[in-house]
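What follows is one structure encoded as structure tokens, with my remarks underneath.
We did not get these values from a lab; they are worked out from the coordinates using the rules stated. Everything numeric here is computed off the predicted structure, so don't read it as measured data. Every residue, glycine as well, gets a Cβ built from its backbone with ideal geometry; the counts of neighbours run over all protein chains shown.
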Amino acid sequence: MFSERVRNISPSLTLAISARAKAMRKQGLDVVSLSAGEPDFDTPANIKEKAKQALDKGFTKYTPSSGLVELKEAIIKKFREDNGLDYNLNQILVSPGAKYVIFEVIFSLVNPGEEVIIPSPYWVSYPEMVRLAAGTPVFLETKKEENFKINPQELNKLITSRTKLLILNTPSNPAGIVYSRKELEEIGKVVEERGIFCLSDEIYEKIIFDNLTHISIASLSSKLKERTIVVNGLSKAYSMTGWRIGYGGGPEGIIRLASNLQSHTTSCPASISQYAGIEALEGSQEEVKKMREEFEERRDYLLQRISKIRGLPCIKPQGAFYCFLDISNFLGKKIKGKIIKGSLEFASTLLEEEKVAVIPGKAFGRDDFVRVSFATSLEELKKGLDRIENFLNNLT
């Protein structure tokens with residue numbers, strides 16, 4: 001009766017947990033949400049003001065399907081100045097969110113039965129998008145001991161005649177890892193030599209810590225640039241999740257196909273959001289800097305607290321606003337007769353018993369982990385961590 005392709009798609013566990021936490025809050029329960037995938041800050045005032053001006057001037061009509069020329073020009077300037085990448089207007093696509101850019105690129109590149117290599121742990125939507133395109137997700141299992149980073153030798157072993165695409169995410173969700181130039185060069189060498197494409201998801205580029213520098217793999221060589229689609233957006237860096245503006249830069253042929261797809265699906269991104277996006281990229285970056293500094297302060301507090309909780313290790317996140325906690329020491333334990341078999345039971349029971357929402361690691365391909373977001377106030381972080389510690393102490 002229904003589409004088999006869509007029936008086989010799993011719902012997003014990240015959105016499901018967040019929705020459940022919100023519902024409990026509406027019931028008057030004191031829920032601490034450490035599940036959010038969005039900044040808790042307001043959109044900077046200068047960006048909102050430009051949106052108001054656009055409204056007052058009547059910029060409320062359809063725009064070109066692939067995005068306003070003025071916004072594309074701002075994106076081209078951003079790529080050139082921040083990433084050392086030169087693109088023309090025909091190599092830029094503006095979409096309703098970075099997620100949709102990723103979907104369009106996968107749909108434009110992958111034929112039925114072709115393989116897409118996805119490093120695990122991964123962002124929850126990558127595999128489902130590949131399946132929607134009738135492609136085959138192939139998971140590259142990364143190791144905790146190697147900070148969940150791609151091992152180039154293991155990557156090379158996974159590539160077959162059916163491999164079309166590698167998905168790379170730096171800074172990453174859920175582990176917050178950041179790849180160095182040397183590491184990207186080694187991955188890039190495999191991409192070049194084996195002739196596959198690379199989708200580089202760089203949405204957390206501006207949220208990076210410890211004085212590290214973000215490197216785009218496409219900037220490392222002209223050959224890599226020809227085989228890489230760089231995806232970014234305004235949601236995370238500018239706290240504009242609800243504005244739905246993402247963008248991509250890449251080879252003209254791929255961008256043209258993705259633009260054609262967009263013209264028949266969403267028509268175009270929202271006009272008001274696009275005008276606000278121009279200000280986000282071209283206006284003052286002071287608020288972006290302040291948000292990044294606040295995230296780093298929260299990250300440091302979280303790590304300091306976690307280090308004092310016995311049996312709960314995590315890898316130090318170098319970017320984004322997540323910490324991937326290893327709960328393997330608590331699997332098989334009980335609380336009030338409930339057995340913690342995996343991350344789903346851990347997250348569900350934690351929410352029931354202590355009113356703290358975290359995301360099960362199973363959503364990211366690792367059932368022995370949970371993801372904690374520090375996109376919330378220090379006060380809420382402290383309360384949430386106190387409750388998590390109490391929960392773990394009550395497991396037997």
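Can you pull out the trypsin sites (Lys or Arg not before Pro) in region 39-126 that DSSP calls coil and that have at most 14 other Cβ atoms within 10 Å?
Numbers: sites: LYS48, LYS50, LYS52, LYS57, LYS61, LYS72, LYS77, LYS78, ARG80, LYS99; in loops: LYS57, LYS61.
Sites meeting the loop and neighbour criteria: LYS57, LYS61.
How big is the charge dipole of region 45-282 about its Cα centre, in debye rounded to the nearest 20, if each Lys and Arg gets +1 on its Cβ and each Asp and Glu gets -1 on its Cβ?
On the way: 28 positive and 28 negative charges, 81 e Å.
That gives region 45-282 a dipole magnitude of about 380 debye.
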When 1/r is averaged over all different Cα pairs and the result inverted, which Kirkwood radius in Å belongs to region 205-303? 15.8
Considering only C-alpha atoms, what is the centroid distance from region 269-335 to region 185-247, in Å? 18
What are the extents of the Cα atoms of region 16-113 along their three principal axes, in Å, largest first? 52, 49, 30
On Cα atoms only, tilt of 252-263 relative to the major axis of the chain in degrees: 70
Once you have a ≥ b ≥ c as the square roots of the Cα gyration tensor eigenvalues for region 185-255, tell me rounded if a/c is under 1.5, and otherwise prolate or oblate according to whether a/b is larger than b/c. oblate
For helix 45-56, what angle does its Cα long axis make with the longest principal axis of the chain, in degrees from 0 to 90 and rounded to 10? 50
Expressed as an acute angle from 0 to 90° and rounded to the nearest 10, what is the orientation of the C-alpha long axis of helix 181-194 relative to the principal long axis of the chain? 60
Please label the shape of region 270-396 as rounded, prolate or oblate, based on the square roots a ≥ b ≥ c of the eigenvalues of the alpha-carbon gyration tensor (a/c under 1.5 means rounded; beyond that, a/b larger than b/c means prolate, else oblate). prolate
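Express as a percent, rounded to the nearest 5, the fraction of DSSP beta bridges in the chain (both residues included) that run antiparallel. Before the final figure, lay out each step's value.
On the way: 19 of 39 bridges.
Here the antiparallel bridges make up roughly 50 percent for the chain.
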Gaussian network model of the chain, springs between alpha carbon atoms under 10 Å - residue of LYS334, LYS182, LYS355 with greatest fluctuation: LYS182
Would you work out which of ALA74, VAL230, SER172 lies farthest towards the positive end of the dipole of the chain, given +1 charges on the beta-carbon of Lys and Arg and -1 on that of Asp and Glu, about the Cα centre? SER172
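Let me make sure I get this right: for region 45-282, a, b and c are the square roots of the gyration tensor eigenvalues over alpha carbons, sorted descending. Under 1.5 in a/c it's rounded, otherwise prolate if a/b > b/c, else oblate. Which is it?
Details: a/c = 1.92, a/b = 1.53, b/c = 1.26.
Prolate.
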